[in-house]
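The values are calculated or read from the model by the stated rules, or taken from the named source; none is laboratory data. All values derive from a computational prediction rather than experimental measurement. With ideal geometry, Cβ positions are generated from the backbone for all residues, glycine too; neighbour counts draw on all protein chains shown.
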Amino acid sequence: MTLIKSISGMRGTIGGVVGENLTVIDVVEMVSAYATWIIGKGHNRKVVIGRDGRISGQAIAEITINTLLMMGLDVVDLDLSTTPTVEMEVVDCQAGGGIIITASHNPMNWNALKFLNHKGEFISAADGQELLQIAFERDFTYAGIDRLGKREIITDAIDRHIQQIHRLATVDVRAIKDTGFTVVVDCINSSGAVSVPPLLESLGCKYITINGDISGTFAHNPEPLAEHLTDLSLAVIKNKADLGISVDPDVDRLAFMDEDGKYCGEEYTLVMVADWVLSQTPGATVSNLSSTIVLRQITEQHGQSYSASAVGEVNVVNKMRQTNAIIGGEGNGGIIYPTLHAGRDALVGIALLLTALARKEMTLSQYRAQFPNYIITKNKIPLTENLDADQLLKDIFDQYTDHERDNTDGVKIYFENGWAHLRKSNTEPILRLYAEAPTQEEADQIVSDIVASIQQMT
């Protein structure tokens, strides 16, 4: 069983021992620290709370909400919601922050607290470090009886989220309705069930849901990868649908299945959506260093500039702000479209892709075929106690002086036929080694060359 406290929040498995698992005491401690941080920043003493459909979600939400009330903060309670909806609601409510109760793609025995700032964005590394220090010191002051917070329940946040998507210039609601798509949606028995169908209905699509209850009992591994989506593939074929949609439990990651039941690859979610946005609105793009090179290629084909950020949504958002990017995200199916809000959002990704297909009068397989195929391989290299990982990364960087390199986050090396990205894990004593190339053999060869270099150095 596991409990992880980091600069991005707290996540762990439900039940067990305090300090080793996600227990009532751990939640109260971390939420009290967050409330203290909000108060110290001088922001509005209002916090937006939303949760995904996990079995433990409602209980964790009640503990979180009541802790905030006892700290003297007001709470806007969205109950079952999506991560992007909570992010947008923080801004709409002019709140001082937000807490999303979700463990994202982790199994259903996990849950987590993810903390937002007053901009509806994940807190920075510096703010996260400050929060952890407050939690460590436990210097909390709870409110007296006359200063307890108030709770407001909002039930239409997802509807307003959808309405704002409709208003985007790059979303053509009429074209989508005229096309009359038939869509199968795998809601994984979580928040997708209360958000994706209303979006599709508003766009005039016929939809079929699988795993569409909100039991919190995930029907399969919640990460939207091909090996977990066989039922979606079969349902697309059975229903002769135009496409299939898969979201993760909190609806910030998105993957598509074409009309033949073929997985498009979550790396290509951002590629396809960005291609449409770039065709309508010229501007820069951003993805993290471990994402496919195809985004860079299509951005340059549109005559625009691409930048890579360190891994992590907050880093992507920061780089997008620095470069005034019009779209960005991560290769895990995360779409960040700042015209709407600065966070990963599967709902806006769905609307943008449907618009692209409708306006281009293409099937999804035809659209996907426009982009080059690349294979990404993901590997782990164990770290030993006597290995200086930072020095190793520096040595690798120095070895490849005749290649384009990037040391923003570990080391990324560009080869003629692909790239390799080597970085320390934030959660395990390992180095993560990702590589991409047009074929599996070429990607494996890049990995072999990097591993051989490491072995020579150690």
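Remarks
- For the range 1-27, filtering for residues that are of a type in the set (A, V, I, L, M), within 11 Å of L113 (Cβ to Cβ) and either part of a loop (DSSP other than H, G, I, E, B) or free of Cβ contacts under 8 Å to residues at least 60 places away in the same chain (or both) leaves 0.
Conditions tested, residue by residue: (1) closer than 16 Å to R147 by Cβ; (2) aliphatic (A, V, I, L, M); (3) modelled with pLDDT of 95 or more.
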residue: V24; (1), (2), (3): no, yes, yes
residue: V27; (1), (2), (3): no, yes, yes
residue: S32; (1), (2), (3): yes, no, yes
residue: I39; (1), (2), (3): yes, yes, yes
residue: S56; (1), (2), (3): no, no, yes
residue: A61; (1), (2), (3): no, yes, yes
residue: T67; (1), (2), (3): yes, no, yes
residue: M71; (1), (2), (3): yes, yes, yes
residue: L78; (1), (2), (3): no, yes, yes
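- Of the helices (runs of 4 or more DSSP H) that lie entirely inside the range 340-458, those containing 3 or more residues that are within 30 Å of G9 (Cβ to Cβ) span 346-360, 389-399.
- Scanning the range 431-448 for residues that are of a type outside the set (G, A, S), without any contact (Cβ under 8 Å) to a residue 12 or more places away in the chain and either loosely packed, with under 15 Cβ neighbours inside 10 Å or in contact with a Lys or Arg (Cβ under 7 Å, 6 or more places away or on another chain) (or both) gives a single hit, E441.
- You will find that of S233, S279, the residue that is closer than 15 Å to A356 by Cα, more than 17 Å from the chain's Cα centre (by Cα), modelled with pLDDT of 95 or more and outside any loop (DSSP other than H, G, I, E, B) is S279 and no other.
- Candidate set: the range 96-126, residues that are among the polar types (S, T, N, Q) and closer than 17 Å to P249 by Cβ; chosen: the one surrounded by the fewest Cβ atoms within 10 Å (Cβ to Cβ): N109
Quick grid of which residues meet (1) of a type in the set (K, R); (2) buried (at least 16 other Cβ atoms within 10 Å of the Cβ); (3) closer than 28 Å to Q301 by Cα; (4) free of Cβ contacts under 8 Å to residues at least 40 places away in the same chain:
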residue: S233; (1), (2), (3), (4): no, yes, no, yes
residue: V236; (1), (2), (3), (4): no, yes, no, no
residue: D250; (1), (2), (3), (4): no, yes, no, no
residue: L270; (1), (2), (3), (4): no, yes, yes, no
residue: L278; (1), (2), (3), (4): no, yes, yes, no
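- Residue count for the range 133-142 satisfying the condition of being surrounded by fewer than 17 Cβ atoms within 10 Å (Cβ to Cβ) and in contact (Cβ under 8 Å) with a residue 12 or more places away in the chain: 4.
- Some residue of the range 92-110 being at pLDDT below 95 and either part of a helix (DSSP H, G or I) or more than 22 Å from the chain's Cα centre (by Cα) (or both): no
- Filter result for S425 (surrounded by fewer than 16 Cβ atoms within 10 Å (Cβ to Cβ), within 29 Å of the chain's Cα centre (by Cα) and hydroxyl-bearing (S, T, Y)): yes
- Selected residue (criterion: modelled with the highest pLDDT) from residues of the range 373-388 that are surrounded by 15 or more Cβ atoms within 10 Å (Cβ to Cβ) and either farther than 30 Å from L353 by Cβ or of a type in the set (S, T, Y) (or both): Y374
- Selected residue [at pLDDT 95 or above and out of contact with any helix residue (DSSP H, G or I) (no Cβ under 7 Å at 6 or more places or on another chain)] from Q370, Q391: Q370
- Residues in the range 111-122 that are in a strand (DSSP E or B) and of a type in the set (G, A, S): A112 only.
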